[in-house]
Amino acid sequence: MSALVALLRRDMRLAVRIGGGALMGVLFFLIVVAMVPFALGPDLALLARTGPAILWLGALLASLLALDRLFAADHEDGSLDLILMGRAPLELAVGAKALAHWLTTGLPLVVAAPLLGLFLNLGPAAIGAVALTLLAGTPALTCIGLIGAALAVALRRGGLLVPVLVLPLTIPVLIFGVAASNAALAGPVPFGTPFTVLVALTLASMVLGPFAAAAALRHGVE
Amino acid sequence: MRISASNLGCLRGSREIFRNINFSLSSGQALAVLGPNGAGKSSLLRIVAGVLRTTSGRLSLEGGDPELTIPEQAHYLGHLDALKPSLSVAENLAFWARYLGPGPGVLADALEAVGLAPIRDLPAGYLSAGQRRRLSIARLVAVRRPIWLLDEAASALDQAAQARLIELMRGHLAGGGLILAATHAPLGLDQAQELRLEAA
């Protein structure tokens, strides 16, 4: 257990130090969302209608930004070999890294979303709904992304491979995240229906992600 | 405690690196793995470390902790130092001590043993190659594991540090440890067995 806590704390420390990915994710989110009004024009009604979708897309892209380095950095400096030799099960070690990634990348996005919602002319109810769906949905993005990050080590290709592999898999999360946000605003389905599916997707990915990523790493490290 | 390997073979890509490797090593013994570049010295060590799979043969362990596998009782010192440049010397060592073992009990002693105590708060990114290597060696001192897998452990070390490494290895063997070392230069241990790999 203390091994996993140590891994979690190290990854969080690395993320907030110079060169870490924590701040970059939020900044990227800010830039993407701030660009949208320039692209769509100053139509406030249109911005309010598309706001939840834009916030979700921005959060999706931002949370994938730091993911390709999640295992690749440890692979390149030899840390991954030693992590494999630890006494903690690899699945749990992968889970600890995922938690660290979510706490430093996903959670700041959730916190930043209400502020960025103001940029997009969202009302208080919509801002609350988007923040809540992001809180429930971003762990799923991290856990699905884990698999891509582990495969990037196995396939020895970095960079854009992770988003290309992972983005299609996140479509269900995106659909139900945006659907729940919109349901809170306009209906006709109650908020609870798509939101429960979103939570289910998150729970399923939290179980599957670490196992799939650990399996990919075991094959990938040579 | 005893490690034995029988008929180990290794295939990388489609190329056979070696086959029919046999050795057996008991507590207090060292094995020097010798051979030209590309003969598979590192691959053999990585197989024992559990990060590379064998294509044939098997490794077995007698004695030791029956709950733990060979990799879980081994230290692997490879070509890469497994250090994070933005963490300090002490933070790097403290992390591995917590992750690989019971906890950071004797960090100060371990840093002292490799002569890095004066720069414990320096970020590891500023270390020279030799200092990085010494910090990796401190890991072996900070966490007690009976099997040491050393891949060219003395590379980049100066004379004094090499002498200190030999001292550490002697101490480890005297305490009932096992050492598998891939090397080109003499190990500096008196009664090391030798395993010679031929270029494939």
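If A:LEU23 passes every condition in (1) surrounded by fewer than 17 Cβ atoms within 10 Å (Cβ to Cβ); (2) more than 14 Å from chain B (Cβ to nearest Cβ); (3) assigned to a helix (DSSP H, G or I); (4) at pLDDT below 85 but one, which one does it miss?
(2)
Could you tell me whether B:ARG53 is more than 11 Å from chain A (Cβ to nearest Cβ), not in a helix (DSSP H, G or I) and not acidic (Asp, Glu)? Break it down stepwise before answering.
Values: more than 11 Å from chain A (Cβ to nearest Cβ): no; not in a helix (DSSP H, G or I): yes; not acidic (Asp, Glu): yes.
No: the conditions fail for B:ARG53.
Among the candidates B:LEU122, B:LEU116, B:LEU127, B:LEU168, which residue alone is touching a residue at least 12 places away in the same chain (Cβ under 8 Å) and closer than 19 Å to B:LEU189 by Cα?
So the residue among B:LEU122, B:LEU116, B:LEU127, B:LEU168 that is touching a residue at least 12 places away in the same chain (Cβ under 8 Å) and closer than 19 Å to B:LEU189 by Cα is B:LEU168.
With (1) more than 14 Å from every other protein chain (Cβ to nearest Cβ); (2) within 17 Å of A:ILE147 (Cα to Cα) as the list, and A:ALA39 as the residue in question, which single condition is left unmet?
A:ALA39 satisfies every listed condition except (2).
Under 6 Å between Cβ atoms, which residue pairs at least 6 apart in sequence (or on different chains) link something in the range A:74-89 that is more than 7 Å from chain B (Cβ to nearest Cβ) with a partner that is of a type in the set (Val, Ile, Thr) and buried (at least 23 other Cβ atoms within 10 Å of the Cβ)?
A:HIS75/A:VAL153
Can you name every residue in the range A:90-106 that is surrounded by 18 or more Cβ atoms within 10 Å (Cβ to Cβ) and away from chain B (no Cβ under 13 Å)?
Within the range A:90-106, A:VAL94, A:GLY95, A:ALA98, A:LEU99, A:HIS101, A:TRP102, A:THR104, A:THR105, A:GLY106 qualify.
Pick out the one residue from A:VAL130, A:VAL199, A:VAL178, A:VAL153 that is farther than 26 Å from A:PRO114 by Cβ, of a type in the set (Val, Ile, Thr) and touching a residue at least 40 places away in the same chain (Cβ under 8 Å).
Being farther than 26 Å from A:PRO114 by Cβ, of a type in the set (Val, Ile, Thr) and touching a residue at least 40 places away in the same chain (Cβ under 8 Å) holds for just one of A:VAL130, A:VAL199, A:VAL178, A:VAL153, which is A:VAL153.
If you go through the range A:183-222 one residue at a time, how many are among the hydroxyl-bearing types (Ser, Thr, Tyr) and surrounded by 21 or more Cβ atoms within 10 Å (Cβ to Cβ)?
2
Going by the structure shown, is B:ILE17 more than 26 Å from A:LEU80 (Cα to Cα) and either within 14 Å of another protein chain (Cβ to nearest Cβ) or over 17 Å from the mean Cα position of the chain (by Cα) (or both)?
no
Tell me which residues, restricted to the range B:41-50, are among the small types (Gly, Ala, Ser) and more than 8 Å from chain A (Cβ to nearest Cβ).
B:SER42, B:SER43
Per-residue answers, yes or no, for (1) within 20 Å of B:ARG139 (Cβ to Cβ); (2) touching a Leu at 6+ places or on another chain (Cβ under 7 Å):
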| position | (1), (2) |
| --- | --- |
| A:LEU8 | yes, yes |
| A:LEU27 | no, no |
| A:ALA45 | no, no |
| A:LEU57 | no, no |
| A:SER79 | yes, no |
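Within the group A:PHE38, A:PHE71, A:PHE28, which residue is under 16 Å from the mean Cα position of the chain (by Cα), of a type in the set (A, V, I, L, M, F, W, C) and under 30 Å from A:ASN182 (Cα atoms)? Before you say what the answer is, go through the steps one by one.
Values: A:PHE38 fails: under 16 Å from the mean Cα position of the chain (by Cα); A:PHE71 fails: under 30 Å from A:ASN182 (Cα atoms).
After ruling out the rest, the residue left standing is A:PHE28.
Quick check on my filter: what residues within the range B:97-117 are at the interface with chain A (Cβ under 7 Å from one of its Cβ atoms) and either basic (Lys, Arg) or in a helix (DSSP H, G or I) (or both)?
B:ARG98, B:TYR99, B:LEU100
Filter the range B:78-95 down to residues that are under 14 Å from B:ARG134 (Cα atoms), of a type outside the set (Gly, Ala, Ser) and facing chain A (nearest Cβ under 8 Å) and give me whichever is surrounded by the most Cβ atoms within 10 Å (Cβ to Cβ).
In this case the residue turns out to be B:LEU83.
Which count do you get for residues in the range B:56-77 that are away from chain A (no Cβ under 12 Å), touching a residue at least 12 places away in the same chain (Cβ under 8 Å) and in a loop (DSSP other than H, G, I, E, B)?
Total meeting the criteria: 2.
Are any residues in the range A:180-191 among the hydrophobic types (A, V, I, L, M, F, W, C) and farther than 15 Å from A:ILE54 by Cβ, and if so, which ones?
A:ALA180, A:ALA183, A:ALA184, A:ALA186, A:VAL189, A:PHE191
Could you please let me know if B:LEU87 is under 19 Å from the mean Cα position of the chain (by Cα) and not polar (S, T, N, Q)? Before you say what the answer is, go through the steps one by one.
On the way: under 19 Å from the mean Cα position of the chain (by Cα): no; not polar (S, T, N, Q): yes.
Against the criterion (under 19 Å from the mean Cα position of the chain (by Cα) and not polar (S, T, N, Q)), B:LEU87 does not qualify.
For the range A:127-167, what are the residues that are β-branched (Val, Ile, Thr), closer than 20 Å to A:ALA22 by Cα and surrounded by fewer than 22 Cβ atoms within 10 Å (Cβ to Cβ)?
Passing the criteria: none in range.
Since B:THR54 meets every condition but one in (1) modelled with pLDDT under 85; (2) of a type in the set (Ser, Thr, Tyr); (3) surrounded by fewer than 18 Cβ atoms within 10 Å (Cβ to Cβ), which condition does it not meet?
Single failed check for B:THR54: (3).
Exactly one condition in (1) away from every other protein chain (no Cβ under 14 Å); (2) modelled with pLDDT of 90 or more; (3) surrounded by 22 or more Cβ atoms within 10 Å (Cβ to Cβ) is not met by A:LEU30; state its number.
Single failed check for A:LEU30: (3).
All but one of (1) assigned to a loop (DSSP other than H, G, I, E, B); (2) within 14 Å of another protein chain (Cβ to nearest Cβ); (3) at pLDDT below 85 hold for B:LEU11, so report the exception by its number.
(1)
Got a number for residues in the range B:171-200 being of a type in the set (Asp, Glu) and under 19 Å from B:GLY38 (Cα atoms)?
Looking only at that region, the number is 2.
The values are calculated or read from the model by the stated rules, or taken from the named source; none is laboratory data. Since the structure is predicted, the reported quantities are computational estimates derived from the model, not experimental observations. Ideal geometry is used to build each Cβ from the backbone, glycine not excepted, and the neighbour counts take in all protein chains shown.
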